[in-house]
Amino acid sequence: MTTLKIFCFGFGQVAKYFVKKLLSENQKIDLSVTSRKGGNYFEKTEGLNFNSYKFNEGELDKNSYVKIQEANVILVSIPPINGRDLVIDNFGKILEKTKTKWITYLSATSVYGNHNGDWVNEKSKTKPTSSRSLDRLKAENLWLKFSKEHNLPLQIFRLSGIYSPQNNILKKLDIDQVKLIEKENHFFSRIHVEDIANVLFHSLRKFKKNEIYNISDDQPTSQNEIINYASRLLKKDPPQSINLESIDDGMLKDFYKDSKKVQNKKMKDFFNYQLIYPTYKEGLNNIFNNFF
């Protein structure tokens, strides 16, 4: 079996679940990652030793260059910071020379902005409403331009709201860190991290460059519906509802600016993929039964 030489710019939960999926399929891996805190040293995940190279806004370990050039799989999950894509800014000259067969840039469905509860697909108008989502769209365009100029094999995954056994509404409710906001006709989409990892895995075998895919489950819904369902699982009263204008959290306000339903048909058709967690109910049931 051919060894996959993987380089991950950023090593958060999506990258870790991707590696976990590869190992579960008995794929041989030579893994290198960047870390905001780590230096040039070996770490271990899922029993696998891997290289970790320090990279943040102020520091860059040039020892990573060799591993980047050797990589045949490159996953980019570092978000733009202050309007800049740090990976292209700092590693563009190295990436120009790579012979990789696969680059995936992880973006977000927030680039669509507000569509007043209507469905969006990959051809829908992008009209970001926050500085973070504006930066996301700018970074997407930079990556598309960069890949076309240098004939690189790029795909972009626009991820809906990610939840996982480590980060989910059940945990937040359990420690009273959830606000129930009053807002009618507010819809958003989400995706379980395991389904993201599985689609990434499928895309290693079926790939079309310069394509964008929404990675989302089948059932957009309101945050209140999810909070109420999770509260019933925990046999706990949901929090008291509050008015949107009364909250100070900027990120939470940005979340409620946008209402849209994200279509996933292109993802499911192209990769011939059936979701493990097609709605929030299957995902939360699994987390509740196995991690609580």
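The values are calculated or read from the model by the stated rules, or taken from the named source; none is laboratory data. Not measured: the values here are computed from a predicted model. All Cβ positions, even for glycine, are placed from backbone atoms using ideal geometry, and neighbour counts span all protein chains on display. Note: areas computed on protein heavy atoms with side chains; ligands, DNA, RNA excluded. Shrake-Rupley method; radii C 1.70, N 1.55, O 1.52, S 1.80 Å.
Would you be so kind as to identify which of Gly58, Asn289, Thr98 lies farthest towards the positive end of the dipole of the chain, taking Lys and Arg as +1 and Asp and Glu as -1 on Cβ and the Cα centre as origin?
Thr98
Please sort by residue number the chymotrypsin sites (Phe, Trp or Tyr not before Pro) in the range 167-244 whose DSSP state is loop and whose Cβ has at most 12 other Cβ atoms within 10 Å.
none
Quick one: Debye curve from the alpha-carbon atoms of the range 175-285 only, equal weights, vacuum; give me log10 I(q)/I(0) at q = 0.13, 0.20 Å⁻¹ to two decimals.
Computed log10 I(q)/I(0) values: -0.60, -1.09.
Aspartates and glutamates near Lys148 by alpha-carbon distance under 17 Å, same-chain residues fewer than 8 away left out - which ones?
Asp85, Asp89, Glu96, Glu140, Glu211
Expressed as an acute angle from 0 to 90° and rounded to the nearest 10, what is the orientation of the C-alpha long axis of helix 193-203 relative to the principal long axis of the chain?
40 degrees
Using amide H atoms built 1.01 Å from N in the peptide plane, name the residues 5+ places from Ile81, or on other chains, whose amide H lies under 5 Å from its own.
The list, which skips near neighbours in sequence, is Leu86.
Could you give the radius of gyration (one decimal) and Dmax (whole number) of the Cα atoms in the range 138-193, in Å?
Spelled out, the Cα radius of gyration and Dmax of the range 138-193 are 17.7, 49 Å.
How large is the Kirkwood hydrodynamic radius of the range 42-104, counting all unique pairs of alpha carbons, in Å?
Answer for the range 42-104: a Kirkwood hydrodynamic radius of 12.9 Å.
Could you state the accessible area per residue of the range 156-248 in Å², with a 1.4 Å probe and every protein chain left in place? Write down the numbers at each step before the final one.
Values: 4450 Å² over 93 residues.
I get 48 Å² per residue for the range 156-248.
How tilted is helix 13-24 with respect to the longest principal axis of the chain? Cα atoms for both, answer in degrees (0 to 90, nearest 10).
70 degrees
Using the Cα centre as the reference, give the magnitude of the dipole from point charges on the C-beta atoms of the chain (Lys, Arg: +1; Asp, Glu: -1; all else neutral), rounded to the nearest 20 debye.
Charge dipole of the chain: 820 debye, to the nearest 20.
Taking the chain as the reference, fit the longest principal axis to its C-alpha atoms, fit the long axis of helix 223-234 to the helix C-alpha atoms, and give the angle between the two in degrees, 0 to 90, nearest 10.
It works out to around 80 degrees.
Once you place label points 7 Å from the Cα toward the Cβ at Lys62 and Gln27, how far apart are they in nm?
3.2 nm
Antiparallel versus total DSSP beta bridges in the chain: what percent is that, nearest 5?
Antiparallel bridges make up about 20 percent of those DSSP assigns within the chain.
Quote to one decimal, in nm, the extra length available between Asn185 and Glu211 on full extension: 0.36 nm per residue of separation minus the C-alpha distance between them.
So the chain would gain 6.3 nm between Asn185 and Glu211.
Is the range 1-110 rounded, prolate or oblate when judged by the Cα gyration tensor, a ≥ b ≥ c being the square roots of its eigenvalues, rounded requiring a/c under 1.5 and prolate requiring a/b larger than b/c?
Because its axes are fairly even, with a/c under 1.5, the range 1-110 counts as rounded.
Under 14 Å from a point placed 7 Å out from the Cα of Lys93 along the Cα-to-Cβ direction: which residues of the range 141-158 have their backbone N that close?
In the range 141-158, the label zone of Lys93 (backbone N under 14 Å from the point 7 Å along Cα→Cβ) covers no residue.
³J(HN,Hα) across the range 157-169 via Karplus (A = 6.51, B = -1.76, C = 1.60, θ = phi - 60°), whole Hz, x for Gly/Pro?
Using θ = phi - 60°, the values come out as 9, 8, 8, 6, x, 8, 10, 7, x, 8, 9, 7, 5 Hz.
If you look at just the Cα atoms of the chain, how large are its Rg and its Dmax in Å?
Every Cα atom of the chain included, Rg and Dmax give 19.4, 57 Å.
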